[in-house]
1. Working out 0.36 nm times the residue gap between Ser95 and Arg50, then minus their Cα-Cα distance, what length gain in nm do you get to one decimal?
2. Hey, got the Cα dimensions of segment 59-136 along the principal axes, in Å, largest first?
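Laboratory data are not the source of any read-out in this text; all were calculated from the coordinates shown. Keep in mind that this is a model prediction, so the values were computed, not measured.
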Amino acid sequence: MSSFWETQSSNGWKFLPCSTYHGGVTATTGRTKAALATEAWRAILDLGTRHRGRFMGVLREFGLTPGDFRALVTLDAETPRPIGSLAQAWDCDASNATWVVDRLEQRQLVERRQVPADRRVKAIALTPLGIKTKLRVLDALHEPPAEFLSLDRTTLEQLRDTLAKLAATEWWAASAQARASAVRGRSPRPS
């Protein structure tokens, strides 16, 4: 397999192969923990990069852009969020967030609701169609690619368990807390 690094060419972006990962088995003798971690992280990023086309294809099937998808997975029906909060979570300015919300509202995937505490503020929530669309998109994206289906059960269990360990680390929890705090507009609490 190859590692792919994105570089800019004269006509846009392309991926250049860089040999770093050899057939799924790499010698670990004498390698530092940092080097092994770099190799593992690179393999995860490479996998994501190789499946970008699949991801984009699923979004196209539903008539969504990456920004639309980000909005759908950020929103729910029970907790409406003001545009300013969404802009902060999406790392964009409020006019861009408004533009995405306007497009999704035209498709009846989101709705603007009045905030009882401040009638001047409108908060955004998913509609029943938005919830259904979000679930259908996630179901399609969660379908495993052929490479995963070709792995034996033991390897899949090890992969699942290893990724679960990563998700349970302090770093992962701290980054999730930082993202949630950014959405609320304040600094993360110290642990």
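1. The Ser95-Arg50 span can extend by a further 13.0 nm.
2. Extents along the principal axes, in whole Å: 38, 25, 18.
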